[in-house]
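J.: This is the structure, below, for whatever I ask next.
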Amino acid sequence: MKNIYLVQPTTENISTVYFPYAIGCLASYAFKFEDINSAYKFEDAIFLREPVETVTARLKQPYLVGFSNYIWNFEYNKALAKSIKAAFPDCLIVFGGPQVPADASLLEECDFIDILQHNEGEVSFRDLLRALDSGADLKSVHNISFRCGAQTLTTEFVLAQEFDFPSPFESGFFDRLVQKHPHISFETIIESNRGCPYHCAYCSWGMIQSKVRLFPLERVFFDLEWCAAHKMEIVSSGDANFGMFKRDEQIVDKIIELKKTTGYPKKFQVSFVSYVEGAWERIFRIAKKLSDNDLSKGMTLSFQSMSPSVQTNIGRSNMDVENYKKQMRLYADAGVPTYTDLILGLPGETLESFKAGIEELLQMGQHTSLFVHLCEWLPLAQMGNEEYMKEYGIAYSVIPLNQPHVIKSTIDIKEYSRIITTTKTMDATQWKQMVLFSTCVLCFHHLRLLQFPALFLHREMQLEYTHFYSELLEFLLSDACALTVFKEIKAKCDSVIAQSAPVTVYDNAFGNVAWPFEEYAFLKTFAQKELFFEQMKLFLKRYIPQEELLCDLLNYQQFCLKELKKDRWQRAFCYDWKSYFDALLHNKDAALTAEKVCYTITDRQTYSDLAEYAKRVVWFGRRGGRNIYTSEIKTIENDE
């Protein structure tokens, strides 16, 4: 029998490792057929980022080694494949996954790769194994590229009509991994469907152009029951657009039932469909159920860009701003936290339109959670197409991998991201200004370090949020400011443009984890918060000259920050800030009352050091808007 190995090194954070779902799907489908089982033996799944020499030495006469490739493992996979080919020259090396281009160009770059597998993998991988065993012409296998004499050949791309794919949970694939690695804490994803009807230019799904196909509910429920039985704390949905189908509500009901009866999963991470007509009411019901049962970290209300012309350029022109506003109010009234995603660097975006978009979101009431993702060039996205790049003047910087919250690897093989830093409407200098501005807004508004003064000034002085944060950024970068973290981030942006630095930061004080700029800025500022509030008093005097009012406002802002080791504290104020900001944060009219009040906070959890605080409060708490405000703020009645 011929020995088969499959490789999918997954990312590791400080506590868990993801199951290698893609290779689990390939093996589960191929080895359900008797002819494959008779001809091949599946030896091992390689999913940890171990030294390539260690992995190569462990192999037993490999006939074929298949690699699933993503931006976080592509360079490692190439190094391992090259090592295996040197040790076992007759071993077939097969590369697939979203990092593999749609043509045969990778074969020309890497002579140690024998076959490329494109598009969806289950059926073509099975057919490839059959063809290799029988000696059939590889031209009969769809969705592959291979060498044919002195040339390369790419076969017809076909979306499989078969869809009776067993999941890695059903097949026992993951059972074997759990048994073999009892010391590892795993996280996982499940699929209830596959495919995406949309063609967003920045996304790999768009080029596949596949209709959405549904897995049987029996399979989905089995997978969820497996996760609950194996105490998976976090289960993520691999669906491109959850909530698109009526049955998705049944799936959520099943998850809630499992949590009530078994305690697991504790969280269900899902990307909701953003703009399917007629689905809003169902999505709201689903989001509320998840929130009410503490299964969600927040509801996604994504735009990518608020600019209509940019939305047209990227295939998202059917977004409805007015409907978005209604949804914001609906979720706010129901107490369901929301978050919004924007992408920085999309074609057609300018510095002015980017700032205007953030202003629009803030004025809509998106004060809970905003994420600004740097636009990455991906080979299978429409944006990776040469003609598209030329049309919109797209150029990118190749930098160390842009992946927050992963631990620093001990393996000296660097992975890379291609961050779009130039378009026809945005040069590198403007890209840097966008990064610095968005980092400032995310750090101080959505991570809550200075949100209350911004809300106050917008309500009382009609000061635009973008004007406030632009002036704050200017102050933070000036010599007059004693805080240095934004000067550090500015230097890092210059290094990104020069293609020599990542857009994440490691700092041992906050654990061995890569932090995005805004979270790093928050943590550095929080670590010296007394100095920060002294500096903010100097800055805010230009807007609030009244000493008592300014001090009271800043005291309330500091009072509401989660602390490290305190579980209960109280403070007296000259104004009823809580009622005032509660109203503003729910998009209601508010009037500040000058009266002496005393508040107390009881926090259900304390944090022993900055590393734990960083993980629990900033990383885990951010998405649902629970990163700063504590569980209870109560008014103590005066005893006069």
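J.: Counting only residues 5 or more places away or on other chains, whose amide H sits under 5 Å from the amide H of Leu463 once H atoms are built in the peptide plane?
T.: Residues meeting the criterion, in which the H sits 1.01 Å from N, are His458.
J.: At 37 °C and a viscosity of 0.692 mPa s, what translational diffusion coefficient does Stokes-Einstein give for the stretch 516-578, taking Rh as the Kirkwood radius over Cα pairs? Give it in µm²/s as a whole number. All intermediate terms of the calculation are to be shown ahead of the outcome.
T.: Details: Rh = 13.1 Å.
Approximately 250 µm²/s, per Stokes-Einstein.
J.: Another question about this same structure. Residue farthest toward the positive end of the dipole of the chain, with Cβ of Lys/Arg at +1 and Asp/Glu at -1: which of Met426, Gln535, Leu132?
T.: Gln535
J.: Moving on to the next point. Using Cα centres only, tell me the gap between the stretch 586-609 and the stretch 540-581 in whole Å.
T.: Centre-to-centre (Cα) distance: 9 Å.
J.: DSSP beta bridges in the chain, what fraction antiparallel, as a percent rounded to 5?
T.: Here the antiparallel bridges make up roughly 50 percent for the chain.
J.: Tell me, how many Å apart are the Cα centres for the stretch 79-135 and for the stretch 147-208?
T.: What the calculation gives is 15 Å, centre to centre.
J.: What is the Cα centroid distance between the stretch 354-377 and the stretch 412-468, reported in whole angstrom?
T.: If we compute the Cα centre of each part, the gap is 8 Å.
J.: Is there a pair in Lys390/Lys490; Lys211/Lys246; Lys414/Lys615; Lys78/Lys408; Lys41/Lys414; Lys432/Lys588 whose C-alpha atoms are over 26 Å apart, and which pairs would that be? Before the final figure, lay out each step's value.
T.: On the way: Lys390/Lys490 29 Å; Lys211/Lys246 17 Å; Lys414/Lys615 24 Å; Lys78/Lys408 20 Å; Lys41/Lys414 32 Å; Lys432/Lys588 35 Å.
Over 26 Å apart, Cα to Cα: Lys390/Lys490; Lys41/Lys414; Lys432/Lys588.
J.: With mean projected area of the Cα convex hull in nm² as the read-out, I listed [x] 29.3; [y] 44.5; [z] 40.8; which label goes with the value calculated from this structure?
T.: Comparing each candidate, only [x] matches the computed number.
J.: Can you return the lysines within cross-link range of Lys596? Criterion is Cα-Cα under 16 Å, with same-chain partners fewer than 8 residues away left out.
T.: Lys578, Lys634
J.: In Å, what Kirkwood hydrodynamic radius results for the stretch 276-341 from the alpha-carbon pair distances?
T.: Numbers: mean 1/r = 0.0787 Å⁻¹.
Result for the stretch 276-341, one decimal place: 12.7 Å.
J.: I would also like to ask the following. May I ask you to order 115-125, 140-150, 412-422 by the average number of other C-beta atoms within 10 Å around their residues, highest value first?
T.: On the way: 115-125: 22.6, 140-150: 16.9, 412-422: 18.9.
In descending order of packing, they fall as 115-125, 412-422, 140-150.
J.: Could I ask something else about it? Where nothing but the Cβ of Lys and Arg (+1) and of Asp and Glu (-1) is charged, how large is the charge dipole of the chain around its Cα centre, in debye to the nearest 20?
T.: Numbers: 68 positive and 82 negative charges, 163 e Å.
It comes to approximately 780 debye.
J.: Next up: What are the aspartates and glutamates whose alpha-carbon lies under 20 Å from the alpha-carbon of Lys60, with same-chain residues fewer than 8 places away excluded?
T.: Those aspartates and glutamates meeting the cut-off are Glu43, Asp44, Glu50, Asp90, Asp114, Asp133.
J.: A further question follows. Classify the stretch 483-533 as rounded, prolate or oblate from the Cα gyration tensor: take a ≥ b ≥ c as the square roots of its eigenvalues, call it rounded if a/c is under 1.5, otherwise prolate when a/b beats b/c and oblate if not.
T.: Details: a/c = 3.09, a/b = 1.49, b/c = 2.07.
The shape class here is oblate.
J.: Taking Cα pairs under 8 Å and at least six residues apart, what relative contact order does the chain come out at, in percent?
T.: Numbers: 1128 pairs, mean separation 64.6, N = 640.
Normalised by residue count, the contact order of the chain is 10 percent.
J.: Right, next: Given H placed 1.01 Å from N in the peptide plane, which residues other than close sequence neighbours of Phe186 have an amide H under 5 Å from its amide H?
T.: Sorted by chain and number, the residues that satisfy this are Val17.
Readers should treat all values here as calculations from the given coordinates under stated rules, not as data from a laboratory. Since the structure is predicted, the reported quantities are computational estimates derived from the model, not experimental observations. Heads up, the Cβs are rebuilt from the backbone with ideal geometry, glycines too, and the neighbour counts pull from every protein chain shown.
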